[in-house]
Amino acid sequence: MSLYAVEITYLIAAILFVFGLKGLSHPDSARRGMILAAAGMAAAIVGTLFERAIVSYEWIVAGLVVGSLIGAAMSIWMPMTAMPQRTALSHAFGALAAALVGVAEYSLHGASMGRFRIGALGFEVMLGSLTFTGSMMAFSKLQGLMRGTPITYKGQNVVTSILLVVTVSSFIYLLINPSFAAAFYVMVCIAFLFGVLLVIPIGASDMPVVMSLLNSYAGLASAATGFVLANNVLIIAGTLDGFSGFILSILMCRAMNRSITNVLFGAFGAYVADTGVAETGTMREVGLEDVAIQLAYARQVVFVPGYGMATAQAQFAVRDLGDALEHHGVTVKYAIHPVAGRMPGHMNVLLAEANVPYSSLYEMEQINPELPRTDVAVVIGANDVVNPEARDNPKSPIAGMPIIECDRSKSVVVLKRGKGKGFSGLENPLFFKPNTGMLYGDAKTSLSQLVQEVQKVR
Ligand code: NAP
């Protein structure tokens with residue numbers, strides 16, 4: 001294949017990546033987006049296999065086989081609920097690859113690469129190394145291999161800042177004196193350590209934001225690799241990945257009403273629960289039969305899923321209840337909050353797994369105006385994303401976080417196991433309102449029982 005043909009293949013790959021990303025912006029087109037992006041990646045690999053610089057294929061084939069086997073095993077056996085961990089592992093692999101390519105290039109060519117390429121290489125290795133260890137920490141926290149709560153120690157900020165200064169100083173020194181290999185290897189080692197220290201003070205629940213940032217770093221490391229290897233498709237794909245990850249981090253922060261600086265400086269993971277209003281009063285418990293009758297005779301029911309639906313793996317039971325209600329002539333809609341659950345699009349992914357039609361999924365802005373004319377809002381393991389404190393109490397730690405306004409619907413049924421708080425640790429006044437009924441129990445069990453009860457209603 002001529003150089004010209006390789007570049008055309010890369011161009012096709014880049015176009016497919018752009019259309020892939022566009023497709024991912026809506027649940028309806030997300031599958032198509034994924035297929036386009038995968039096709040783009042295939043085109044990029046094929047183009048690379050025809051690079052003239054390749055002298056032998058043995059190691060490449062071995063890498064392709066091992067990588068494909070690991071990828072296939074992960075997608076077949078890791079459950080949907082483990083998607084955040086799975087993503088952390090993918091970032092770790094990508095970042096490690098970028099870092100290793102950088103180390104190999106430096107040990108092969110050293111100072112002869114020239115200042116510009118050394119600069120790109122230093123950037124690549126620094127970001128790649130810290131992203132690798134940072135992502136492995138995120139994986140371990142999410143998988144429960146290490147403590148999920150923030151790990152802190154005295155003088156933590158000072159130690160982390162010193163390490164950052166040493167890494168960046170080594171990088172700058174390398175730019176001034178590219179043949180000083182010690183500066184390069186000090187930078188690599190400290191960047192690996194820095195990744196660990198950056199992530200351990202952050203709680204497991206905040207890992208999605210961290211991972212989206214690490215995703216952005218891994219993308220930028222790949223873009224830098226592209227400059228080192230003079231490979232256009234790496235530059236384009238890395239930049240797309242880097243900036244989309246960064247935009248996603250900003251969107252997640254906005255949806256949680258947190259500032260990006262708060263995220264960037266790692267001061268999160270520890271919400272303070274005592275500034276919210278403590279609720280007095282009692283929660284009204286309701287029974288299965290009553291709820292089933294209420295639902296079956298409603299005109300419109302809106303399901304509001306949250307983290308509890310994910311932990312209970314209740315998405316199929318939600319779909320069954322939706323079907324049973326539709327059979328009774330009830331209009332059923334699903335309200336999706338952008339940060340319900342523990343990763344962006346968490347609810348979309350789970351409901352899509354249960355084949356809930358996209359046309360029944362409503363974004364927060366679409367469903368809120370409908371809630372005052374909704375007969376029953378069924379909250380399934382959601383808490384913070386339906387907490388009216390965010391809207392009504394400017395002193396609340398979650399003040400300003402947009403919510404799904406279930407409290408404005410005619411009545412509310414909340415499915416949760418007990419009186420457990422949400423991610424923020426705050427009390428939720430919605431649960432104490434006179435038109436709210438609490439149906440206690442595991443969400444999946446309650447929903448399955450409700451399906452049977454609804455089927456009994458004539
Ligand atoms: P949430 O505030 O964490 O509340 C989940 C509720 O589910 C709990 O109150 C719990 O109450 C209940 N629950 C847990 N297991 C259950 C089960 N098996 N069956 C029934 N109920 C169960 O969840 P959310 O409303 O989805 O809010 C998400 C939170 O995560 C937000 O504060 C958001 O800012 C944060 N966050 C999200 C992302 C993201 O990307 N999505 C990223 C970082 C942080 P019981 O213990 O009483 O059952």
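If you go through region 285-301 and keep only what is assigned to a helix (DSSP H, G or I), within 16 Å of the ligand (Cβ to nearest atom) and open to solvent by 10 Å² or more (accessible area, probe 1.4 Å), you end up with just L288. Among the residues of region 414-435, those that are of a type in the set (F, W, Y) and closer than 17 Å to V304 by Cβ comprise F423, F431. Tell me, please, whether a residue that is surrounded by fewer than 21 Cβ atoms within 10 Å (Cβ to Cβ) and touching a Leu at 6+ places or on another chain (Cβ under 7 Å) can be found in region 145-154. Checked region 145-154: no residue is surrounded by fewer than 21 Cβ atoms within 10 Å (Cβ to Cβ) and touching a Leu at 6+ places or on another chain (Cβ under 7 Å).
Take P388 and decide whether it is open to solvent by 30 Å² or more (accessible area, probe 1.4 Å) and within 15 Å of the ligand (Cβ to nearest atom).
Taking the combined requirement at face value, the residue does not satisfy it.
Of L36, L100, L96, L24, which residue is modelled with pLDDT under 90 and either assigned by TED's automatic domain parsing to the domain that holds A223 or in contact with a Gly (Cβ under 8 Å, 6 or more places away or on another chain) (or both)? Going through L36, L100, L96, L24 in turn, the sole match is L24. Restrict the check to region 15-22 and report whether at least one residue is open to solvent by 50 Å² or more (accessible area, probe 1.4 Å), in a helix (DSSP H, G or I), in contact (Cβ under 8 Å) with a residue 40 or more places away in the chain and closer than 28 Å to A230 by Cα. Yes: one or more hits.
The values are calculated or read from the model by the stated rules, or taken from the named source; none is laboratory data. Please read these numbers as outputs of a predicted model, since none were measured by experiment. Methodologically, a virtual Cβ is constructed for each residue, glycine included, from the backbone with ideal geometry; neighbour enumeration extends over all protein chains shown. Ligands, DNA and RNA are excluded from the accessible area calculation, which covers all protein heavy atoms including side chains. Shrake-Rupley method; radii C 1.70, N 1.55, O 1.52, S 1.80 Å.
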